[in-house]
Amino acid sequence: MSSNADSVRLYKIRKVISELSGKEGRGTELVTLYIPPKKPIHEVIAYLRNEWGTAGNIKSDTTRNHVQDALTKTMQKLKLYRETPDNGLIIFCGALMTNGPGSEVIVLREIIPPKPVKSFLYQCDDHFHIEYLKDMLREEKVYGILCIDANEAGIGILSGERFDVVNAMTSGISGKTRKGGQSARRYERGREMELTYFYHRVADHANRILVDEYKVTGLILGGPGFTKEDFMKTEFLNYNLRKNIIAVLDTAYSGREGVRELVDKAADKLQDVRLFEEKKLVQRFLGEVNKANGVAVYGLPRIIQALDKSNVEMILVTDDVDMVRVTATCKNCGTVREKFVPTSKKTQAMQEITSEPCAKCGSKEFVVDETDIVDLLEERAIQVGARVEVISSGTEEGAMLKSFGGVAAFLRYKMTAE
């Protein structure tokens, strides 16, 4: 899942999951619909029409109306499809409160999933069944990173755009200098026992974390010197981990720092991992923005200006940018006002943007709307033949991009100052 469109698509899916998680209906009135590929749309509509009739038996007027309204809206949406998309279709629809009981509004969210829907599911419940959609977002390939020397070891997990150092431990083994009063052989024997015990401890942690907990599909092993090879000879590591070693690499560090170093060194071995794509994009941006004639800009006003001139090749935006465009369109003459604000300030912005009459015709009647900033940037990018890449905010690269405001762009040519 690392093609151009995927990062935006996955961002939108995660946004829906976040929006609907924890939402509850007043009764069993929230509709969840999973449609597998190749299932005829007309069959699904016929099924829902039958459910609409059955819902007429619900005793509560409010619940009955909400269920039937949700089913009607879902059927209307399905009629827009000539056939089921290749991966199937997921729809969540139901009455959600906007401001306490009695303020319910029918909300519909449709999703073309990242993986094929396995079986048909219709559920009318007091919550949306998003758990199956969450499962589809789980990365199929999860890699373990293990970096070890005689002093310390670190264990990491790499999956999609996610990278975490999940465990680090020190050996407590004394250095190679012999303590006074001990024979060289006796000292070496004691040190070997300590080292064997440390290897055993590292393997126990690795087996538990990488096999039992994360079920990794491959392992990158590394560390300074020959310790990593000695560790492998003990065969304490789970057989499946040893069988699925992708690379054994030398590093300057061990422990936590060694795990991070290993991830960078393994980039060419793990080209299907989204994290490396994001690293390249952000590093390219940092390189361009520091050049005298670099073709990179940051900050929403400059990017909107570049989009207006069709001078954008690619937009980078962090997944936690949390910004919306609020617009007020004059009902009389169509003049549009807009503001870009954090989501938490959108209500205030809507009040401010409609507080003054239209400057063109004096009307006080407006149609107010809001657009997520990623949706807006994608729409504008498509118009000029550019693309949008959503960067995970939980990585070092994401943190770097956030320090530039969370939005950046590569231009087609250097913009001259106006």
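Structure notes:
- Computed on the Cα trace of segment 279-410, the radius of gyration divided by the Kirkwood hydrodynamic radius gives Rg/Rh = 1.05.
- HN-Hα J in Hz across segment 137-143 - Karplus 6.51, -1.76, 1.60, θ = phi - 60°, x for Gly and Pro: 7, 5, 5, 6, 9, 10, 10
- Estimated at 0.36 nm per residue, the fully extended path between Arg138 and Thr347 surpasses their Cα-Cα distance by 71.8 nm.
- For segment 55-68, backbone phi angles converted through the Karplus equation (6.51, -1.76, 1.60; θ = phi - 60°) give residue-by-residue couplings of 5, x, 8, 5, 5, 6, 4, 4, 4, 4, 5, 5, 5, 5 Hz, Gly and Pro being listed as x.
- Averaging the sequence gap over all C-alpha pairs within less than 8 Å and six or more residues apart, then dividing by the number of residues, gives the chain a relative contact order of 15 percent.
- Using only alpha carbons, the chain has a radius of gyration to Kirkwood radius ratio (Rg to Rh) of 1.09.
- Assigned charges on the beta-carbon of Lys, Arg, Asp, Glu; segment 6-137 dipole about Cα centre (debye): 360
- Computed over the chain with a Gaussian network model linking Cα atoms closer than 10 Å, the most mobile of Cys93, Cys147, Cys330 is Cys330.
- Estimated dipole of the chain in Debye, rounded to 20 [Cβ of Lys and Arg +1, of Asp and Glu -1, Cα centre]: 480
- Phi to ³J(HN,Hα) by Karplus 6.51 cos²θ - 1.76 cosθ + 1.60 over segment 103-117, Hz, x for Gly, Pro: 9, 5, 10, 6, 10, 10, 10, 10, 9, 8, x, x, 10, x, 5
- Dipole magnitude for segment 279-410: computed about the Cα centre from +1 point charges on Lys and Arg Cβ and -1 point charges on Asp and Glu Cβ, it is near 400 debye.
- Sorting 374-383, 25-34 by average packing, meaning the other beta carbons within 10 Å per residue, from highest down gives 25-34, 374-383.
- Summarising the amide proton neighbourhood of His127: residues at separation of 5 or more, or on other chains, whose placed amide H is nearer than 5 Å comprise Gly25, Leu30.
- Net lengthening on full extension, Tyr47/Arg186 (0.36 nm per residue, minus Cα-Cα): 42.1 nm
No lab work stands behind these numbers, since they all come straight from the coordinates. Model, not experiment: these values are computed from the prediction. As a convention, Cβ positions derive from the backbone with ideal geometry for all residues, glycine included, and neighbour counts pool all protein chains shown.
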